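K.L.:
A single structure is presented below for examination.
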């Protein structure tokens, strides 16, 4: 006897087509465009008058016209060609100096524990 589950085959691991699990991305992998390629693209489009598609094909064959348009838009609006550094994520809990102080305290505690073990070992052997 088979038990029919409401909704069909939606058990563990089976979802609807539009659902994505945590960490899964949609579409192709995003590659970062180097600063040299960005500068060359801006030069071709702004100074030489090439179309965005032509500049993208000439500089890097797999570069999309939309990527070139985004780089040119950034140049016109913000007057920069270099990519912004990655940011976000969790902030640091300790500064460099605090981290070094913690490491030094830890090393001192370990050295003290080693000396204590050595002293205890010598005392019981005598």
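The numbers here are math on the coordinates, done by the rules we state, and not lab data. Everything quoted here is computed from the prediction, not taken from an experiment. No Cβ is skipped: glycine too gets one built from the backbone with ideal geometry, and neighbour counts run over all protein chains shown.
K.L.:
Run the simple label-point estimate for residue 80 and residue 62 please: 7 Å along Cα→C-beta, distance reported in nm.
P.N.:
Distance between the two pseudo-spin positions: 2.7 nm.
K.L.:
On to the next question. Return a whole-number percent for the relative contact order of segment 32-84, with Cα pairs under 8 Å and 6 or more residues apart as the contact set.
P.N.:
On the way: 44 pairs, mean separation 21.3, N = 53.
Answer for segment 32-84 is 40 percent.
K.L.:
Subtract the Cα-Cα distance of residue 90 and residue 117 from 0.36 nm times their separation in residues, and report this length gain in nm to one decimal.
P.N.:
Stretched fully, the residue 90-residue 117 segment lengthens by 5.8 nm.
K.L.:
How are the alpha carbon pair distances in segment 79-126 distributed across 10 Å bins from zero to the largest one, expressed in percent?
P.N.:
20, 21, 20, 16, 11, 7, 4, 1
K.L.:
So what is the orientation-averaged projected area of segment 32-84, using the convex hull of its C-alpha atoms, in nm²?
P.N.:
Values: hull surface 12.6 nm².
Taking the Cα atoms of segment 32-84, their convex hull projects to 3.1 nm² on average.
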